[in-house]
Amino acid sequence: MAQRLAAGPGAELGVLPFVALVLAALLVGVSKTAVSGVATLSVALFTAVLPARESTGVLLPLLLVGDVLAVRAYRGHADRAVLLRLLPSVAAGLVLGVVFVARTSDVVMRRTIGVLLLTVAVHHGWQRARARCRSRARAPEQGSEQGEDRRDRGRPGGAEGPPTVRRHRLRTVFFGLVAGFATMVANAGGPAMSLYLLSSGFGVLGFLGTGAWFFLIVNLVKVPFSVGLGLITADGLALDGLLALAVVAGAGVGRALVHRIDQGVFERLVLVFTALASIDLLR
């Protein structure tokens, strides 16, 4: 199914592959303003239609369009302290990603990202299941009230109480490295960032606002590296011009849905979409 771009945007793509890219662009918009986990489906669709390197370069400008729309929508809900804590380890992950992209093949890139994302999703799902069991054993009513309070504030706070400083720092460094590496290699840093924000106890709006600023900054930093590595090309940008409207439409759909999404459903959707997309990348 994978076909390369020719002289014009989408010149060698059939109808179905192009429709798949339009759907992927639509999901980019939805992911930026509602359910972040569906962005992994966009990555999977792009890598199914285009070679891994080429798909990375075409997808990045579309992600930036979505980032700008998300920041406009949720700029008042970002947690700047969390962003500052993450940026050093994310920068290190980006550098590792640049080296990795320069030295590996499409297949290795795709499978590496799949393994990383699936590992993180399984680990986080196990942690949340364990936390729920402990919460039920201690005080279900109290746990419910604390969950409502976190949802209203949209601020960090774990289901098991505040973690130790050392543990919190290690988690921040780990997720920052994975997010930076994955976003540079295949625009797949969203799941790692999503899992970090979920494990920090963010509500829906705090989650979206902090994630919006994070990825706008990170994706802008990636642009010169992507150009230098030959990932962003004139033909790819021409294809982006055709797909950008689908991102805008998806962002509108996401804005309409976000206030109807329950926190528990929101978290489960993020985990499910992350796992499904990770399995697809392992093919």
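Of the whole protein surface, residue 119 contributes about 90 Å² of accessible area at a 1.4 Å probe radius. Amide H to amide H, with H built 1.01 Å from N, residue 189 comes under 5 Å of 183, counting only residues 5 or more places away or on other chains.
Enter the accessible area per residue of the range 64-111 (Å², integer; probe 1.4 Å; all protein chains in place).
Numbers: 2510 Å² over 48 residues.
Per-residue accessible area for the range 64-111 comes out at 52 Å².
Ordered by 1.4 Å accessible area with all protein chains kept, 202, 18 run largest first as 18, 202. Taking label points 7 Å from Cα along the Cα-to-Cβ direction, residue 92 and residue 220 give a separation of 2.5 nm. What's the center-to-center distance, using Cα atoms, between the range 198-254 and the range 9-71 in Å? The two parts, judged by their Cα centres, are 9 Å apart. The candidates 283, 130, arranged from most to least accessible area with a 1.4 Å probe in the full protein assembly, appear as 283, 130.
Of the peptides 38-45, 60-67, the ranking by mean beta-carbon count within 10 Å, highest at the top, reads 38-45, 60-67.
Report the full-extension gain for the segment residue 245 to residue 80: residue separation times 0.36 nm, less the Cα-Cα distance, to one decimal in nm. Length gained between residue 245 and residue 80: 56.4 nm.
The values are calculated or read from the model by the stated rules, or taken from the named source; none is laboratory data. Computed from a predicted model, the values in this text were never measured in an experiment. Backbone-built Cβ (ideal geometry, glycine too); neighbour counts: all protein chains shown. Accessible surface is based on the protein model in full, side chains and every heavy atom, while ligands, DNA and RNA are left aside. Shrake-Rupley method; radii C 1.70, N 1.55, O 1.52, S 1.80 Å.
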